[in-house]
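Chemist: Before anything else, here's the structure in question.
The values are calculated or read from the model by the stated rules, or taken from the named source; none is laboratory data. Here the structure is a predicted model, which means the values were calculated and not measured. With ideal geometry, Cβ positions are generated from the backbone for all residues, glycine too; neighbour counts draw on all protein chains shown.
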Amino acid sequence: MANEIIKKAYEVAKEQYAALGIDTDKVIEKMKDVVISLHCWQTDDVGGFETPDAELGGGGIQTTGNYPGKAGSIAEMRQDLDKAMSLLPGKQRLNLHAIYGDFAGEFVERNEIEVKHFQGWIDWAKERGMGLDFNATFFSHPKSDDGFSLSSKNEEHRQFWVEHLKRCRAIGAEMGKQLGTPCVHNTWVHDGSKDTPIDRNGYREILKKSLDEAFSVEYPKEHLKDAVESKLFGIGAESMTVGSHDFYLGYAIKNNKLICLDNGHFHPTEQVGDKISACLNFVDEVLLHVTRPVRWDSDHVVTLNEDIQLIASEIVRNEFLNRVNIGLDFFDASINRIGAYVTGTRAAQKAFMIAMLEPTATLVEYEEEGKNFERLALLEELKTKPFGAVWDYYCMQEGVPVSEAYIADIQQYEKDVLSKR
């Protein structure tokens, strides 16, 4: 698309939004505050580098598809991440799982990992001026094959996982310290029961005990932020998940932790967008894992749908951007993986731009005056405003492909790089 056409379309859009009291230039500037943490596991289907040719499963982790070009090494993963980020406007972070360390071809047990195994990632991020986030990895391991890790009644196994979490927090704190931006460390365990358990409370008491032990070391907030993530159920844990939303929300409030809200981890009729303001009345910050749950937690590539829009709108309307940490969490191996990154991230970014182009003050005024027809009508009319022209201009300003132009770029990368793996 020629730059002159983009500029002309933007000027028309600018006038239309100005009539609603919206300054599109300021919106584009405000988009700098939307920083999204890319999940590294989209590049290799949650494989990791703990063992050669790792194929992980269990704990609700299931990647479908076998599209060619999967990253098989740290070098290939970084190459793919660089490519994806080159096609995205704005600034991104990278979210790592503990199984993605540089173990130099040696097997390192999870309760023995150290900062040195992730120093290469820290250096890589520093070169790009970006931050890192981190996750302990509790799934796909012999010591959690029975469905329990931090809530295990096997004391040897429980201590193993507590030590793993302690080390991951230390690694995350060092990431934040070296990079000058806080690392968000997220704790999610797949612990639960396939069939009806009797001692639900016993497992939850153990989980609380383990978390208390693992979080006993305090790190500066400018280096590390701790988050805990709930889930409704998982594969093999259909009857009871120890770390439910009620459990973790209570833990986060009591212990001043971030609550992680994954919009695939709730009943299909629940909306995470509705939970954000509820949680932020009681916790300082939240972490988002943004995905698309076609059938519950199926982790499809994010698209610009109503659920994603509500999440973005609630954050922008309430000026919560400085209290919400935005991360993605999907893994699709049925399509080009870099294409999945770019499409999903752009969809999330578009939702935030649309939210910023909303005349919120007018809508609130209608609402408080009981003008519900006017509120509904304006929301409907906003749907056909020329948002796309503002988005295209933003991409042009950022020096990344405009509109669908990134498709051809990814196709060429697949031909030149992915097809040769």
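Chemist: Looking for whichever is under 22 Å from L328 (Cβ atoms) and basic (K, R) here; the options are R110, R158, R128. Which one fits? Before you say what the answer is, go through the steps one by one.
Modeler: Numbers: R110 fails: under 22 Å from L328 (Cβ atoms); R158 fails: under 22 Å from L328 (Cβ atoms).
From the options R110, R158, R128, the qualifying one is R128.
Chemist: Still on this structure, I have one more. Which residue out of F330, F320 is of a type in the set (F, W, Y), in contact with a Gly (Cβ under 8 Å, 6 or more places away or on another chain) and within 20 Å of A227 (Cα to Cα)?
Modeler: Step by step, each of F330, F320 is checked, and only F330 is of a type in the set (F, W, Y), in contact with a Gly (Cβ under 8 Å, 6 or more places away or on another chain) and within 20 Å of A227 (Cα to Cα).
Chemist: Take the stretch 121-138 and flag every residue that is in a loop (DSSP other than H, G, I, E, B) and either within 18 Å of K166 (Cβ to Cβ) or not assigned by TED's automatic domain parsing to the domain that holds S193 (or both). I'd like the intermediate steps shown before the answer.
Modeler: In the first step, residues of the stretch 121-138 are kept if they are in a loop (DSSP other than H, G, I, E, B); the result is 128-131, 136-138.
Selection gives A136, T137, F138.
Chemist: Right, something else. Go through (1) surrounded by fewer than 17 Cβ atoms within 10 Å (Cβ to Cβ); (2) touching a strand residue (DSSP E or B) at 6+ places or on another chain (Cβ under 9 Å); (3) not β-branched (V, I, T) for S144 and report which single condition fails.
Modeler: (1)
Chemist: Does Q397 satisfy being closer than 25 Å to D25 by Cβ, within 26 Å of the chain's Cα centre (by Cα), of a type in the set (S, T, N, Q) and in a helix (DSSP H, G or I)? Give the steps one after another, and end with the answer.
Modeler: Details: closer than 25 Å to D25 by Cβ: yes; within 26 Å of the chain's Cα centre (by Cα): yes; of a type in the set (S, T, N, Q): yes; in a helix (DSSP H, G or I): yes.
Yes: the conditions hold for Q397.
Chemist: If you don't mind, another one. Restricting the first residue to the stretch 71-82 and requiring it to be over 14 Å from S419 (Cβ atoms) and assigned by TED's automatic domain parsing to the domain that holds E414, which pairs with a second residue that is buried (at least 18 other Cβ atoms within 10 Å of the Cβ) and at pLDDT below 95 meet a Cβ separation below 9 Å and a spacing of at least six or different chains?
Modeler: none
Residue-by-condition table, conditions (1) assigned to a strand (DSSP E or B); (2) modelled with pLDDT of 95 or more; (3) more than 30 Å from E365 (Cα to Cα); (4) of a type in the set (S, T, Y):
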| residue | (1), (2), (3), (4) |
| --- | --- |
| L20 | no, yes, no, no |
| K26 | no, yes, no, no |
| M31 | no, yes, no, no |
| D45 | no, no, yes, no |
| F49 | no, no, yes, no |
| D80 | no, yes, yes, no |
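Chemist: Okay, moving on. Can you confirm whether the stretch 99-111 contains a residue that is assigned by TED's automatic domain parsing to the domain that holds D195, surrounded by 21 or more Cβ atoms within 10 Å (Cβ to Cβ) and within 18 Å of the chain's Cα centre (by Cα)? It would help to see each step written out before you state the result.
Modeler: Keep residues of the stretch 99-111 that are assigned by TED's automatic domain parsing to the domain that holds D195, which gives 99-111.
Of the ones still in play, those that are also surrounded by 21 or more Cβ atoms within 10 Å (Cβ to Cβ) are 99-101, 110.
Filter once more, so that each one left must be within 18 Å of the chain's Cα centre (by Cα): 99-100.
Among the residues of the stretch 99-111, at least one is assigned by TED's automatic domain parsing to the domain that holds D195, surrounded by 21 or more Cβ atoms within 10 Å (Cβ to Cβ) and within 18 Å of the chain's Cα centre (by Cα), which makes the answer yes.
Chemist: Quick one: is V184 of a type in the set (A, V, I, L, M) and part of a loop (DSSP other than H, G, I, E, B)?
Modeler: On the way: of a type in the set (A, V, I, L, M): yes; part of a loop (DSSP other than H, G, I, E, B): no.
It is false that V184 is of a type in the set (A, V, I, L, M) and part of a loop (DSSP other than H, G, I, E, B).
Chemist: Residue under question is K371, and the condition is that it be free of Cβ contacts under 8 Å to residues at least 40 places away in the same chain and basic (K, R); does it hold?
Modeler: Numbers: free of Cβ contacts under 8 Å to residues at least 40 places away in the same chain: yes; basic (K, R): yes.
Answer is yes for this residue.
Chemist: Moving to a separate point now. For the stretch 279-295, how many residues meet the condition of being under 25 Å from H190 (Cα atoms) and exposed (fewer than 14 other Cβ atoms within 10 Å of the Cβ)?
Modeler: Adding up the residues that qualify gives 2.
Chemist: Would you be able to say whether some residue in the stretch 272-280 is touching a Cys at 6+ places or on another chain (Cβ under 8 Å), over 14 Å from A347 (Cβ atoms), aliphatic (A, V, I, L, M) and not in a loop (DSSP other than H, G, I, E, B)? Spell out the reasoning first.
Modeler: So in the stretch 272-280, the residues touching a Cys at 6+ places or on another chain (Cβ under 8 Å) come out as none.
Checking the stretch 272-280: not a single residue is touching a Cys at 6+ places or on another chain (Cβ under 8 Å), over 14 Å from A347 (Cβ atoms), aliphatic (A, V, I, L, M) and not in a loop (DSSP other than H, G, I, E, B).
Chemist: Shifting gears a bit: Within the stretch 253-271, restricting attention to residues that are of a type in the set (S, T, N, Q) and assigned to a loop (DSSP other than H, G, I, E, B), which residue is surrounded by the most Cβ atoms within 10 Å (Cβ to Cβ)?
Modeler: Going through the stretch 253-271, the residues of a type in the set (S, T, N, Q) turn out to be 255-256, 263, 269, 271.
Now narrow it down to the ones that are assigned to a loop (DSSP other than H, G, I, E, B): 256, 263, 269, 271.
Numbers: N256: 11, N263: 23, T269: 5, Q271: 16.
Taking the candidates together, the pick is N263.
Chemist: Inspect all residues belonging to the stretch 357-375 and state whether any of them is polar (S, T, N, Q), surrounded by fewer than 17 Cβ atoms within 10 Å (Cβ to Cβ) and outside any helix (DSSP H, G or I).
Modeler: no
Chemist: From the list L304, L378, L321, which residue is more than 28 Å from H190 (Cα to Cα) and within 15 Å of the chain's Cα centre (by Cα)? Before you say what the answer is, go through the steps one by one.
Modeler: Values: L304 fails: within 15 Å of the chain's Cα centre (by Cα); L378 fails: within 15 Å of the chain's Cα centre (by Cα).
Step by step, each of L304, L378, L321 is checked, and only L321 is more than 28 Å from H190 (Cα to Cα) and within 15 Å of the chain's Cα centre (by Cα).
Chemist: I need a count of the residues in the stretch 155-181 that are in a helix (DSSP H, G or I) and at positive phi.
Modeler: Taking the stretch 155-181 and keeping what is in a helix (DSSP H, G or I), we get 155-179.
Checking which are at positive phi leaves us with none.
Adding up the residues that qualify gives 0.
Chemist: Can you tell me which residue within the stretch 295-311, out of those that are in contact with an Asp or Glu (Cβ under 9 Å, 6 or more places away or on another chain) and outside any loop (DSSP other than H, G, I, E, B), is modelled with the highest pLDDT?
Modeler: L310
Chemist: Right, here's the next one. Which residues, counting only those in the stretch 114-142, are over 11 Å from N95 (Cα atoms) and either acidic (D, E) or modelled with pLDDT under 95 (or both)?
Modeler: E114, D123, E127, F139, S140, H141, P142, listed by residue number.
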